[in-house]
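Chemist: Structure in structure tokens, see below.
Bear in mind these aren't lab numbers, they're just calculated from the coordinates by the rules spelled out. This structure is a prediction, so every number in the text was calculated from the model and none was measured. Using ideal geometry, Cβ is built from the backbone for each residue, glycine included, and neighbour counts are taken over all protein chains shown.
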Amino acid sequence: MFNNEKVSIIITTYKGSNCIRRAIRSLLEQTYANIEIIVVDDNPPESVERIETEKIMKEYKESNIKYIKHETNLNGAAARNSGIKVATGEFVGFLDDDDYYLPTKVEMCVKTLTENKNSDAVFCGVIATDNTHILRVVKPKIDDSNMQKELLFNVNMMGTGSNLFLRKLSIDKIGYFDVSYYRLQDVEFMVRFFEHYKVCCLDELLIVKAVGGYNNIPQYHRLFNIKQKFYKDFAFALSKLSKDELNKYYTNEYAMLLQSCFGKESVKTLLKAKQDLEKYRHLTIKEIGFILLSILGKPNNNLYTLTRSLISIIAKPIRSIILKNKYKIKDGIIK
């Protein structure tokens, strides 16, 4: 049996007034009682989203809920830091406003870390949905020999930033999230974490991630620049890779950058991304096809958007049926 240590769960919200009730409710319905809920509102003070979020927060009279409002829009890293600063729990978890926990999530995470004294964080399985269909299931794999490398080659290994559940003492040692990262906040934080600490894994699906909210994907040049910053800041981690591993790493990175351009960027930017990737490998047939669709679909991306929509319409229900059968999902409830 484990003790009833306090757990601080930080919900950061930005343009999430339509779903934050679900996130909060998922914490209030946890089987673990000693939870401190910290909601950090990163919406601009005069925005419609701030006004709506304030109305929602007035509905909650529970003494274990704290509501923090930023005086100006900062970013996700800054919002998490605001939550950490007032957190009083021995464990700290994070929850995006469009995600939610399944009822035993906190209890099982506390139990796992209590039983695994050599680990300072725990990951669990994640079900990604679009609120209608199940898109995929992510079950983290733990490689104690080199978790930094595992993360570098698979930045989505956690499935969602809501999968971060750590001992508060570990955060106090490695420092807060770097606010200069408007993307990759979780990755830069965990690369630093893995320099000192270990993580254990729960083979349970305990988080539901909603994919397809507001479009917060930055323009290509911003994403390109933040990745260049990451390569520089974490040269110590990249230096541990072999020559072949480093080549594979950059190949994956520039392939993702090219993918971020499809249907979104100008032809000039698209061709630059194509050339960057071709320094490491030839394009795949799929990549060539999406480049052509993106170019032909300009200026409104109609052809690209239509094609992706048709693929999604066909693929989502099939994948959803398979996963529902596999994971026993009935009437929208994941069991």
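Chemist: Mind giving me the nanometre distance, one decimal, between the label points for Tyr182 and Asn156, set 7 Å out from Cα along Cα→Cβ?
Modeler: 2.3 nm
Chemist: Under the Karplus relation 6.51 cos²θ - 1.76 cosθ + 1.60, θ = phi - 60°, what is the ordered set of whole-Hz ³J(HN,Hα) values for segment 290-296, x standing for Gly and Pro?
Modeler: Result, ordered by residue: 5, 5, 5, 4, 5, 5, 5 Hz.
Chemist: Further, regarding this structure: With a cap of 15 neighbouring Cβ atoms within 10 Å, and only residues DSSP puts in a loop, list the GluC sites (Glu not before Pro) found in segment 130-212.
Modeler: Within segment 130-212, the qualifying GluC sites (Glu not before Pro) (loop, at most 15 other Cβ atoms within 10 Å) are Glu195.
Chemist: Among Cys124, Cys261, Cys19, rank each residue by its count of other Cβ atoms within 10 Å, from fewest to most, as a rough exposure measure.
Modeler: By the 10 Å Cβ count, ascending: Cys19, Cys261, Cys124.
Chemist: OK, next. Spin-label point model (7 Å from Cα, Cβ direction): what's the Ile174 to Asp203 distance in nm?
Modeler: For the pair Ile174/Asp203, the computed spacing is 2.5 nm.
Chemist: Show me the trypsin sites (Lys or Arg not before Pro) within segment 91-174 that DSSP assigns to loop and that have at most 16 other Cβ atoms within 10 Å of their Cβ.
Modeler: Passing sites in segment 91-174 are Lys117, Lys141.
Chemist: Related question: Ordered by residue, what ³J(HN,Hα) values in Hz, to whole numbers, does segment 120-135 give under the Karplus form 6.51 cos²θ - 1.76 cosθ + 1.60, where θ = phi - 60° and Gly and Pro are x?
Modeler: 10, 8, 9, 10, 9, x, 10, 9, 9, 10, 10, 6, 10, 10, 7, 8
Chemist: Here is a follow-up. Report the gain in length on full extension from Asn116 to Arg136: 0.36 nm times residue separation, minus Cα-Cα distance, nm rounded to one decimal.
Modeler: 4.3 nm
Chemist: Once phi is turned into ³J(HN,Hα) by the Karplus curve 6.51 cos²θ - 1.76 cosθ + 1.60 with θ = phi - 60°, what whole-Hz value does each residue of segment 230-241 show in order, with x for glycine and proline?
Modeler: Karplus values, whole Hz, x for Gly and Pro: 4, 4, 6, 5, 10, 4, 5, 6, 5, 5, 7, 7.
Chemist: Ok, one more. Name the residues whose placed amide hydrogens come within less than 5 Å of the amide hydrogen of Phe94, ignoring near sequence neighbours (fewer than 5 apart) on the same chain.
Modeler: Here Ile10, Leu164 satisfy the definition.
Chemist: Test of understanding: what is the full-extension gain from Thr284 to Lys61, defined as 0.36 nm times their sequence separation minus their Cα-Cα distance?
Modeler: Numbers: separation 223, 0.36 × 223 = 80.28 nm, distance 5.50 nm.
Here the answer is 74.8 nm.
Chemist: Please find the FRET efficiency linking Val86 to Ser242, where r is the Cβ-Cβ separation and R0 is fixed at 35 Å, and quote it to the nearest 0.05.
Modeler: 0.20
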